[in-house]
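Reviewing the structure listed below.
The values are calculated or read from the model by the stated rules, or taken from the named source; none is laboratory data. Keep in mind it's a predicted model, so treat the numbers as computed, not measured. All Cβ positions, glycine included, derive from the backbone under ideal geometry; neighbour counts span all protein chains shown. Protein only, heavy atoms only, side chains kept; ligands, DNA and RNA dropped before computing areas. Shrake-Rupley method; radii C 1.70, N 1.55, O 1.52, S 1.80 Å.
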Amino acid sequence: QVQLVESGGGLVQAGGSLRLSCAASGIIFSISTMSWYRQAPGKQRELVAKITRDSSTNYADFVKGRFAISRDNAKNTVFLQMNSLKPEDTAVYYCNAFIFTGNFWGRGTQVTVSS
């Protein structure tokens, strides 16, 4: 059974930082493409950042220079370091794992940025 468990969300003031973690189990983590998505109220879910099995990264334009995705294959964990947070970053952040066996989602963690 695949499980993706996000943590690290919370309430932070604009300009602050948070670090999200996603612990994976039930998949071959080292060959999975891992991503972070977010969904704000009334909006569609959107890709924030992606990291491939060889640690190549891609970022949405709206987070470039502020967020950084990384992975620790020994701990089956992917991270999202979020700096210079803005109120518009407020959303539920979801971890995603893509591998040949399927596409899997965590339940999400709430990030709220106050102005």
Which condition does residue 46 not pass, out of (1) open to solvent by less than 60 Å² (accessible area, probe 1.4 Å); (2) modelled with pLDDT of 95 or more, if it passes all the others?
-> (1)
Does region 43-56 hold any residues that are assigned to a strand (DSSP E or B), without any contact (Cβ under 8 Å) to a residue 24 or more places away in the chain and more than 21 Å from residue 100 (Cβ to Cβ), and which are they?
-> 46
Which residues, taken from region 29-43, are surrounded by fewer than 13 Cβ atoms within 10 Å (Cβ to Cβ) and either modelled with pLDDT of 95 or more or at positive phi (or both)?
-> 42, 43
Which residue out of 70, 84, 115 is hydroxyl-bearing (Ser, Thr, Tyr) and at positive phi?
-> 84
Considering residues of region 74-89 that are closer than 23 Å to residue 1 by Cα and loosely packed, with under 14 Cβ neighbours inside 10 Å only, the residue farthest from the chain's Cα centre (by Cα) = 74
Quick check: anything in region 90-111 in contact with a Gly (Cβ under 9 Å, 6 or more places away or on another chain), surrounded by fewer than 16 Cβ atoms within 10 Å (Cβ to Cβ) and not polar (S, T, N, Q)?
-> no
Only one of 65, 15, 26, 8 that is modelled with pLDDT under 95 and either open to solvent by 30 Å² or more (accessible area, probe 1.4 Å) or out of contact with any strand residue (DSSP E or B) (no Cβ under 8 Å at 6 or more places or on another chain) (or both) = 26
Restrict the check to region 77-99 and report whether at least one residue is among the β-branched types (Val, Ile, Thr), in contact with a Leu (Cβ under 8 Å, 6 or more places away or on another chain), at pLDDT 95 or above and within 27 Å of residue 14 (Cα to Cα).
-> no
